[in-house]
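First the structure, in the form of structure tokens, and then the observations on it.
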Amino acid sequence: MPKRAFDLVVASVLLGLNLPVLLLAALLIKLESPGPVFHRARRVGKDGKLFTLYKLRTMLVDAPSRGPGITRRGDPRVTRLGRVLRYSKIDEFPQLLNVLRGEMSLVGPRPEDPRFVAHYTPEQRRVLSVRPGIASPAAVKYFEEEALLAGAGQDVEAFYLSRVLPDKLRLDLEYLERQSLWLDAGVLAGALAALLSPKGEARPAPRPLAARAPHRAERPSLRRAVQRYAPRVLVDAAIVLASLLLAWMARSVTAHLDLGPALAFSLVAAAAYCGANGLFLLYQRMWRYASAGEVVFIYSAVAVATALLAGVVFLWPGERPVPVSVVPLMGSFAFAGFVGVRYRRRLWAAVRWRWRALRGGRAAPHTRVLAVGAREAGGMVAWRFLNEREGERYELVGFADDDPAVQGMRLHGVPVLGDWRAIPSLVARHRVDLLVVALDGLSGREVRQLLDLCGQTPAAIKVLPSFFEQMRANRHVPALRRMVPEDLLGRSSVEIDRQACRGLLACNTVLVTGGACSIGSELSSQIAT
């Protein structure tokens, strides 16, 4: 349902914006060659149903009788205007009508000719379980398909069936496995980037990074920028449109809607909010690791855009497009939407943790954890368990800390249950399976006291990897590791070169001072050996 609503809103807006272009293209088609403006092709849609796909006509009227059903670059049946329309993809715009009619979607597997669908395997026919789309991962990869087919030889249809179509279907099946609105936004961004990128006779294979000139490798690419930021801009624009709709519904009892000015204002509003978000660098922040203070930048961007739109409403020529009271309401809804999208991981983690707590932790076999230490390291434990995927295996029930200032407080929503002396009783009361020591700067005596308390419980004991352990690691460091002797020493162990020691001590008389203590006795044993 959300995907269909997204399709209807975006298709309506795009069709309205491109209506002058379509009318001009239709006039030029009629002036260049006789025949209809639209090309109607029979295609296979959802559940194998046939439908009529609309495109602007780019070929001669008798083209079907003069060649194969697949077109390649340099095809003499394509008109001069048709080459321009195909190059710019303007000929695809009428497919927005298919989207509005419910026969297609904005993103989905490209619809195919019934002749080619007849060759699908049972596995490949799974692409018919959804509406076909205007854009798809396969369409982005084969954006210059006509150039590829130009070198296919005489039997272009056989080449398409054996080489191109199977790869397209593979990409479409992969899309079905990961289908989401966020992925759809990425596919639309990729299609836009492919449209904006310069096109030659054939797209060259990318060179290895090491083979590129330094100034070219470091130069930002328009296509790369569009691929990176366009999905985020599209999501924000959808939030703005939804916010305007909600604000309007709140005023619907007393306000009258004039559709034309309201639609124009919605486009201005989307541009204003997305522009302000870009001005405050919201699209260049790593929100996965953002702190709560980043909300200030979201609020600032929304405030600037809302103030700007209020001025636009006052200065709008003629009757105001929306009531003035709609603008601050829209800003409030947009602010909530922007925060929700950017902090969605944390919000979902908080909801999931609260739901797990309400159910008493009995629904899933999670490892119940008590963190010893409610300071910086303890906060890192809580954040990682609540936000990282590997934390899904653990359920953090609380903290234990000796600092009186943190008793009864909460860290990332998790309570501090007591001090160190309460560890044995806390483990029994909360059915703790694992104790995580998240403390830094303890003396050797404090470490031994803490381990004595932890040793009185049946729970396992683990610690956090240090910062330098993570730097030295060749791969991803797990969230926790078992305690090793070096944790008690407070330093790394010393590796001894035994061969060098033999050369130093052999045939010599050795005096060991302090030979009665543990270190001296161990030295004596190793030297004698």
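When you look at Arg110, is it open to solvent by 10 Å² or more (accessible area, probe 1.4 Å), more than 35 Å from the chain's Cα centre (by Cα) and not hydrophobic (A, V, I, L, M, F, W, C), yes or no? Working first, answer last.
Details: open to solvent by 10 Å² or more (accessible area, probe 1.4 Å): yes; more than 35 Å from the chain's Cα centre (by Cα): no; not hydrophobic (A, V, I, L, M, F, W, C): yes.
For Arg110, the condition - open to solvent by 10 Å² or more (accessible area, probe 1.4 Å), more than 35 Å from the chain's Cα centre (by Cα) and not hydrophobic (A, V, I, L, M, F, W, C) - is not met.
Step by step: first the residues of region 41-69, then only those that are under 25 Å from Ser129 (Cβ atoms) and of a type in the set (Val, Ile, Thr), then the one that is surrounded by the most Cβ atoms within 10 Å (Cβ to Cβ). Which residue is that?
Applying the filter and picking the extreme gives Val44.
Could you tell me which of the residues Arg86, Arg72 is assigned to a helix (DSSP H, G or I), touching a residue at least 60 places away in the same chain (Cβ under 8 Å), open to solvent by 30 Å² or more (accessible area, probe 1.4 Å) and closer than 18 Å to Phe143 by Cα?
Values: Arg72 fails: assigned to a helix (DSSP H, G or I).
Result of the check over Arg86, Arg72: Arg86.
Please give the number of the condition Ser33 fails out of (1) surrounded by 14 or more Cβ atoms within 10 Å (Cβ to Cβ); (2) within 24 Å of Ser136 (Cα to Cα).
Only one criterion in (1) surrounded by 14 or more Cβ atoms within 10 Å (Cβ to Cβ); (2) within 24 Å of Ser136 (Cα to Cα) is unmet by Ser33, namely (2).
Filter region 337-349 down to residues that are of a type in the set (A, V, I, L, M) and open to solvent by less than 60 Å² (accessible area, probe 1.4 Å) and give me whichever is modelled with the highest pLDDT. Give the steps one after another, and end with the answer.
Looking only at region 337-349, we keep the residues that are of a type in the set (A, V, I, L, M), and these are 339, 341, 347, 349.
Pick out the ones that are also open to solvent by less than 60 Å² (accessible area, probe 1.4 Å) and you get 339, 341, 349.
Values: Val339: 87, Val341: 84, Ala349: 63.
Here the residue is Val339.
Here's a check for you: in region 430-455, which residue that is modelled with pLDDT under 85 and part of a loop (DSSP other than H, G, I, E, B) is least open to solvent (accessible area, probe 1.4 Å)? Don't jump to the end; show me each part of the working.
Just the residues of region 430-455 that are modelled with pLDDT under 85, to begin with: 437-455.
Add one more test, that the residue is part of a loop (DSSP other than H, G, I, E, B), and what stays is 438-443.
Details: Ala438: 3, Leu439: 29, Asp440: 124, Gly441: 84, Leu442: 54, Ser443: 52 Å².
The selected residue is Ala438.
Condition check: touching a Pro at 6+ places or on another chain (Cβ under 8 Å) and either at pLDDT below 80 or not in a loop (DSSP other than H, G, I, E, B) (or both). Does Gly200 satisfy that?
Details: touching a Pro at 6+ places or on another chain (Cβ under 8 Å): no; either at pLDDT below 80 or not in a loop (DSSP other than H, G, I, E, B) (or both): yes.
No: the conditions fail for Gly200.
Take the residues in region 126-141 that are without any contact (Cβ under 8 Å) to a residue 60 or more places away in the chain and either among the polar types (S, T, N, Q) or open to solvent by 20 Å² or more (accessible area, probe 1.4 Å) (or both); name whichever of them is farthest from Lys3 (Cα to Cα). First the steps, then the outcome.
Initial filter on region 126-141 (without any contact (Cβ under 8 Å) to a residue 60 or more places away in the chain): 126-127, 133-141.
With either among the polar types (S, T, N, Q) or open to solvent by 20 Å² or more (accessible area, probe 1.4 Å) (or both) added as a condition, the list becomes 126, 134, 136-137, 139-141.
Values: Arg126: 19, Ile134: 14, Ser136: 15, Pro137: 17, Ala139: 19, Val140: 20, Lys141: 23 Å.
Among them, the one singled out is Lys141.
Being part of a loop (DSSP other than H, G, I, E, B) and surrounded by fewer than 22 Cβ atoms within 10 Å (Cβ to Cβ) narrows it down to one residue among Glu103, Glu157, Glu146; which is it?
Values: Glu157 fails: part of a loop (DSSP other than H, G, I, E, B); Glu146 fails: part of a loop (DSSP other than H, G, I, E, B).
Step by step, each of Glu103, Glu157, Glu146 is checked, and only Glu103 is part of a loop (DSSP other than H, G, I, E, B) and surrounded by fewer than 22 Cβ atoms within 10 Å (Cβ to Cβ).
Could you please let me know if Gly418 is modelled with pLDDT of 65 or more, in contact with a Ser or Thr (Cβ under 9 Å, 6 or more places away or on another chain) and of a type in the set (Gly, Ala, Ser)?
Working: modelled with pLDDT of 65 or more: yes; in contact with a Ser or Thr (Cβ under 9 Å, 6 or more places away or on another chain): yes; of a type in the set (Gly, Ala, Ser): yes.
Judged against the criteria, Gly418 is a match.
Pairs needed: first member in region 407-419, within 20 Å of Leu450 (Cβ to Cβ); second member anywhere, assigned to a loop (DSSP other than H, G, I, E, B) and of a type in the set (D, E, K, R); C-beta distance under 6 Å; at least 6 residues apart or different chains.
From residues that are within 20 Å of Leu450 (Cβ to Cβ), the pairs are Val416/Asp401; Asp419/Asp402.
The values are calculated or read from the model by the stated rules, or taken from the named source; none is laboratory data. Bear in mind the structure is a predicted one, so any value in this text is a computation, not a measurement. So basically every Cβ, Gly included, is an ideal-geometry build from the backbone, and we count neighbours across all protein chains shown. Remember, those area values only see protein heavy atoms, side chains included, never the ligands or the DNA or RNA. Shrake-Rupley method; radii C 1.70, N 1.55, O 1.52, S 1.80 Å.
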